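The values are calculated or read from the model by the stated rules, or taken from the named source; none is laboratory data. Just so you know, these numbers come straight off a predicted model, no measurement behind them. Cβ atoms come from the backbone with ideal geometry, glycine included; neighbour counts cover every protein chain shown. Side chains included, ligands, DNA and RNA excluded: accessible areas come from the protein's heavy atoms. Shrake-Rupley method; radii C 1.70, N 1.55, O 1.52, S 1.80 Å.
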Amino acid sequence: MPSFKIDTSTAIVFVAVEPKHKVINKETGEIAIDRETKAKMMTIGLTIADEGEANLYTVSVPETGVPDGMTLGMPVKVVGLKARDWENTFNGEKRFGIAFRAVALVAPTKG
């Protein structure tokens, strides 16, 4: 499925839910792996505010792209944010949505 770039250059982005490993099988605890880099995947809740509107997005990011020390309320820059639609059938019920993925998050520099 095609993915679409999301421009966050004018947005204010901050951590709303701290990063955790992306579990793809709750029964086994299996963690999602990035197909290209083989890095473990993380999910993080980001509030993105732009043009008078703010929304919470759950974004997948390779573990190598998540800086240490991310805390609630911390402002971040999002590198390579993309969205793509998905559709699956779970227990006979068709479900669909939009998945968000970024290459990396960048914490603000001090100074």
Among the candidates 28, 10, residue that is part of a loop (DSSP other than H, G, I, E, B), under 24 Å from residue 71 (Cα atoms) and open to solvent by 40 Å² or more (accessible area, probe 1.4 Å): 10
Top-ranked residue in region 67-101 [being under 14 Å from residue 47 (Cβ atoms) and not in a strand (DSSP E or B); ranked as most open to solvent (accessible area, probe 1.4 Å)]: 72
Counted residues, region 35-63 - those being free of Cβ contacts under 8 Å to residues at least 24 places away in the same chain, open to solvent by 30 Å² or more (accessible area, probe 1.4 Å) and closer than 17 Å to residue 21 by Cβ: 3
